[in-house]
Structures are given as C-alpha cells and as structure tokens.
1. Where a ≥ b ≥ c are the square roots of the eigenvalues of the C-alpha gyration tensor, would you call the stretch 50-93 rounded, which needs a/c under 1.5, or, failing that, prolate if a/b is larger than b/c, or oblate?
2. In whole Hz and in residue order, list the ³J(HN,Hα) couplings for the stretch 94-105 that follow from phi through the Karplus curve 6.51 cos²θ - 1.76 cosθ + 1.60, θ = phi - 60°; x for Gly and Pro.
3. Loop only per DSSP, at most 14 neighbouring Cβ atoms within 10 Å: give me the GluC sites (Glu not before Pro) in the stretch 14-116, ordered by residue number.
4. Calculate the translational D of the chain in whole µm² s⁻¹ from Stokes-Einstein, where the hydrodynamic radius comes from the Kirkwood formula applied to all Cα pairs, the temperature is 25 °C and the viscosity 0.890 mPa s.
5. At 7 Å along Cα-to-Cβ for each site, give me the label-to-label distance between residue 144 and residue 161 in nm.
6. For the chain, set up a GNM with springs between Cα atoms under 10 Å and report which of 109, 26, 99 has the largest fluctuation.
7. How high is the FRET efficiency between residue 189 and residue 123 when r is their beta carbon distance and R₀ equals 22 Å, given to the nearest 0.05?
8. Per residue, how much accessible area does the stretch 78-139 show when a 1.4 Å probe rolls over the protein heavy atoms, in square angstrom?
Amino acid sequence: MPSTPSAASGAAAGATRRGRPGYDQQSVLTIAVDVFNKHGYEATSMGILAENLGITKSAIYHHVPSKGDLLRLALDNALDGLEAVLDDARASNGPADEQLEFVLRGTIQVLTERLPFVTLLLRLRGNTEIERDALARRREFDHRVAQLVDAARSEGSLRSDIDPRTTTRLLFGTINSIVEWYKPGGPISPEKLADDIILMVFHGLHSS
C-alpha cells in the first residue's frame, strides 16, 4: 500500500529524530566522559557538554534525560567490566594465587579497554547518590580482591611477612595508576603491560 504524503513525512521525521544530531547515545556518552574527566563532573554543565558535542542542549536530551544519567551510564560501563572479571569461573576456581593473577590481568584489561570510564570512576568524590552507589560497588570489588590476597597468603603462595592490607593497597595503587599514564596505542601493548605488572607483583624487581 503506497504511503500517504503525511505518513511519508512522518516516517522521514522519525528517521531524522532517530539520527539527530549525528550522534547515538554511546558516542554522546564517550564524549561526555572525556569532558567530565577534563573539567570534573560537578563543574560540567549541559551547556559545556553541548559545546563540546557541537549540538544544542535539547539535542542531548534526545539521547539521555539528564547529566546524571550520563554519569550513571559511564560508571556502569566501568563497573560492569570489573565485576564481570570476578564473575568469571576462573576467578573462583583453582589455587588462590592463580585466581588472583587472573583477576589482576582482567582488571588491567578492563582499565586499558575502558580507560576514560575507569578514570572517571577512580576520581569520584561521592557527592551524589549515583556516585555513592558506584563507590559502594567499587568497595565490594576491592574487598573481593583483598580476600583473594588473604587466601593466597594463607596458602603460602604469597609471602606472609608483609601485612595483607599493605599488599592489597600496593596492588590497587599500582593498577589504578595506569589511568594516569597509560596511553592506548602507545609502545606498551595491554598484554605487555599486564605481563610486566604480574611479573613485578609476583616476582619483584630483582633480576634472577
């Protein structure tokens, strides 16, 4: 059945709305995360986001209801990746040190693949409910990794003369620092980075 002029124009308008303004939600989110990391979430207005996107504020609302929804989507991106590492069977089967190594490698992979999103997560201040919820999920992730460290220490695969809390904090400090200096596409591949960190963590810096 041929389309009537009004139906055809309605379909065209719908297509325009779906494509407006040349972005989809993911591309809007990617740019928004970069802006949040540059200016800080609280200091970033919808006007600043619109300027960086090259669109109007009303066009942003076409993709997300609010700035808070952009933050929530961004933090979910980071946390879902980290939690998926712990949900993998390899994170809970076998010797504790092998579980720990798997989780550390997986965490490094998430950091390098989702660098801007994890950077945003690590810089949260907890000033909003969305931030506090994300920080609670991050603390749970940290707690489960700390349990692996303690289990590996109890098994005798990690040295026992270092306080496990110190070991855990140093592990997190080393891995979280990746967001401050690692450059995707640079001379160090994600795989090489993971190998180097695992080697340093488990075997130290002394030459054999």
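1. Details: a/c = 5.34, a/b = 3.93, b/c = 1.36.
Prolate, since a/c reaches 1.5 and a/b exceeds b/c.
2. Listing the rounded values in order: x, x, 4, 5, 6, 4, 4, 4, 4, 5, 5, 4 Hz.
3. Details: sites: 42, 51, 83, 98, 101, 113; in loops: 42.
Filter output for the stretch 14-116: 42.
4. Working: Rh = 19.6 Å.
Answer from the Stokes-Einstein relation: 125 µm²/s.
5. For the pair residue 144/residue 161, the computed spacing is 3.4 nm.
6. Looking only at 109, 26, 99, the biggest GNM fluctuation is shown by 26.
7. On the way: r = 25 Å, r/R0 = 1.15.
That gives a FRET efficiency of 0.30.
8. Details: 3010 Å² over 62 residues.
For the stretch 78-139, the solvent-accessible area averages 49 Å² per residue.
The values are calculated or read from the model by the stated rules, or taken from the named source; none is laboratory data. Everything numeric in this text was worked out from a predicted model, so none of it was measured. Reconstructed Cβ throughout: ideal geometry from the backbone, glycine too, with neighbour counts over all protein chains shown. With ligands, DNA and RNA removed, areas are computed over all heavy atoms of the protein, side chains included. Shrake-Rupley method; radii C 1.70, N 1.55, O 1.52, S 1.80 Å.
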